[in-house]
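**Student:** First the structure, then my questions, so here it is.
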Amino acid sequence: MHTAPPRHQPVRASLAAFVGTMIEWYDFYIYAMASALVFGKLFFPTTNGFYGTLASFGTFAVGFLARPLGGAIFGYVGDRVGRKKSLVITLLMMGSVTILIGLLPTYASIGIWAPVALVLLRLIQGIAVGGEWGGAVLMAAEHSPDRSRRTFLASFAQLGSPAGLILATLMFKLVSNQDNAVFLDWGWRVPFLVSALLLAVGFAIRLSVQESPDFLAEQQRRARAPAARAERAPLTEVLRGAPGLLALAIGANVLGIAGFYFTNTFMLVYTTQYLHLQRALVLNGLLVVSVMQFFITPLAAHLARGIGNHRFLVAMSALSVISPYAMFSLVDQGSLASVTLGVAIAVLFIGAYYAVIAGFVSEAFPTRIRYTGISMAYQVSGAIFGGLTPLLGTVLAEKFQGQWWPLALLFSGISLLSLLCVQRLGHVHHAAPERGLQAQES
């Protein structure tokens, strides 16, 4: 097989990170949208729409709870066997599960086995995503010819999130324009089945990328190490060597995860069920916002290089604390323009934050445990905050109908948590974790 010259690999690795994460997040977002729009009716039928939606979001949360397991499994594969091998496996898992969900019979056909099968497939999907993100970030960042560009190259993995959301929104917009009976019968399945085409493209691109130079250098270092030395598993080393660092990294990721599922998933429910806006209107607004986020990502990463990643992240999280009050004031007006502008204000700051946080956190962990460290930080954050945010938002919306201030406070709390963790992480992520880990090795 022809191998691209090393000087071409940073570009190819960034492209592979972008396309791969775009496919993974497309798969994840279409599940999120289906949870908000259709799964409650087809897999959890009930006379009360609130409980059906709550059960549907419960399966959405299950995927997040499985993601730390994926981070642990594929973190080990990525840190000990290879970043590339881990990424190929996770892509195949994710794509296959998405296709199977698109073929799944509903409750009306097979009864209780329909939601059971949906939950099991969601678990596998969560495990795959749990191993995907960290590897994609590292394959892009670790191919950088100089360390100053790592955060910028890592942002290409982050760029896959808005691109996947754009594709997912376009697909659901296309099928939701059909008659509601057709949409509930087979229209909702189309976005899931289209994943088969995307899977083939992503698989071919990922196979063309060479292994990470940092990982190859770490393999050589490990080969030269004394044979008698017992090396801990990466997860053990992360948990014992830098638990404080891991906790800060988990908190730092909250805004980039929970914030987006608040705006992209919960807001679908809030606007359609509690404001009674048309589904097509809301999807149109989210599509415009997704396109905006796509362009924000590289611009934010480039800007952060000039002013410093730490200061940039502190500023974006601080602005996110106050953004939900403008968002809800505008969204409650109910027009396409006001909904789009309202959500765009919140996503502007979340998207800029999300573009930079991956590279910032990855630099905190040494190469030998970096895949495991950033994967566990991101996925534990997702399990606790990402999957539960739409659930908590739905409960608050039901309890405080007609009042949006509790929802705004929830969003502000998410932002404030990340602000505090980033502020602290900026003081310790270069020196303290290395000292703690080295002390254990001596």
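For (1) among the basic types (Lys, Arg); (2) modelled with pLDDT of 85 or more, each residue gets a yes or a no:
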| position | (1), (2) |
| --- | --- |
| Ile124 | no, yes |
| Gly130 | no, yes |
| Gly135 | no, yes |
| Arg147 | yes, no |
| Leu153 | no, no |
| Ser161 | no, no |
| Leu174 | no, yes |
| Asn177 | no, no |
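**Student:** Quick test for you: out of Arg229, Arg221, Arg240, pick the one residue that is in a loop (DSSP other than H, G, I, E, B), open to solvent by 70 Å² or more (accessible area, probe 1.4 Å) and either modelled with pLDDT under 85 or at negative phi (or both).
**Tutor:** Arg229
**Student:** Ok, one more. Suppose we keep only residues that are aromatic (Phe, Trp, Tyr), closer than 16 Å to Met22 by Cβ and in contact (Cβ under 8 Å) with a residue 24 or more places away in the chain within segment 260-302. Which one would you say is most open to solvent (accessible area, probe 1.4 Å)?
**Tutor:** Among them, the one singled out is Phe294.
**Student:** On to the next question. Just one of Gly306, Gly342 is assigned to a helix (DSSP H, G or I), closer than 22 Å to Ser14 by Cα and either without any contact (Cβ under 8 Å) to a residue 24 or more places away in the chain or open to solvent by 10 Å² or more (accessible area, probe 1.4 Å) (or both); which is it?
**Tutor:** Of the residues listed, the single one that is assigned to a helix (DSSP H, G or I), closer than 22 Å to Ser14 by Cα and either without any contact (Cβ under 8 Å) to a residue 24 or more places away in the chain or open to solvent by 10 Å² or more (accessible area, probe 1.4 Å) (or both) is Gly306.
**Student:** Separate question: Of all the residues that make up segment 167-208, how many are open to solvent by less than 70 Å² (accessible area, probe 1.4 Å) and either free of Cβ contacts under 8 Å to residues at least 12 places away in the same chain or touching a His at 6+ places or on another chain (Cβ under 6 Å) (or both)?
**Tutor:** 5
**Student:** Also: Provide a single number: the residues in segment 398-442 that are aliphatic (A, V, I, L, M) and modelled with pLDDT of 90 or more.
**Tutor:** 10
**Student:** Output the residues belonging to segment 294-333 that are over 25 Å from Gly413 (Cα atoms) and of a type in the set (Gly, Ala, Ser).
**Tutor:** Gly306
**Student:** Restricting the first residue to segment 230-254 and requiring it to be under 29 Å from Leu410 (Cα atoms), which pairs with a second residue that is aromatic (Phe, Trp, Tyr) and open to solvent by 20 Å² or more (accessible area, probe 1.4 Å) meet a Cβ separation below 8 Å and a spacing of at least six or different chains?
**Tutor:** Listed by first residue and then by second, the contacts come to Val254/Phe385.
**Student:** In segment 1-41, what residues are more than 23 Å from the chain's Cα centre (by Cα) and either of a type in the set (Phe, Trp, Tyr) or at pLDDT 80 or above (or both)?
**Tutor:** Answer for segment 1-41, where residues must be more than 23 Å from the chain's Cα centre (by Cα) and either of a type in the set (Phe, Trp, Tyr) or at pLDDT 80 or above (or both): just Lys41.
**Student:** Only one of (1) open to solvent by 30 Å² or more (accessible area, probe 1.4 Å); (2) touching a Gly at 6+ places or on another chain (Cβ under 8 Å); (3) more than 20 Å from Ala397 (Cα to Cα) fails for Ser375. Which number is that?
**Tutor:** (1)
**Student:** Still on this model: Do we find that Ala344 is over 16 Å from Met33 (Cβ atoms) and out of contact with any Cys (no Cβ under 6 Å at 6 or more places or on another chain) in this structure?
**Tutor:** In short, yes.
Conditions tested, residue by residue: (1) open to solvent by 50 Å² or more (accessible area, probe 1.4 Å); (2) free of Cβ contacts under 8 Å to residues at least 40 places away in the same chain; (3) of a type in the set (Asp, Glu).
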residue	(1), (2), (3)
Ser317	no, no, no
Tyr325	yes, no, no
Gly334	no, no, no
Ser338	no, yes, no
Ile357	no, no, no
Leu388	yes, no, no
Val395	yes, no, no
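**Student:** Is it true that Phe312 is of a type outside the set (A, V, I, L, M), more than 23 Å from Glu132 (Cβ to Cβ), touching a helix residue (DSSP H, G or I) at 6+ places or on another chain (Cβ under 6 Å) and part of a helix (DSSP H, G or I)?
**Tutor:** yes
The values are calculated or read from the model by the stated rules, or taken from the named source; none is laboratory data. In this text, all values refer to a predicted model and were calculated from it rather than measured experimentally. FYI the Cβ positions are ideal-geometry reconstructions off the backbone, even for glycines, and counts take in every protein chain you see. Accessible surface areas use protein heavy atoms only, side chains included; no ligands, DNA or RNA. Shrake-Rupley method; radii C 1.70, N 1.55, O 1.52, S 1.80 Å.
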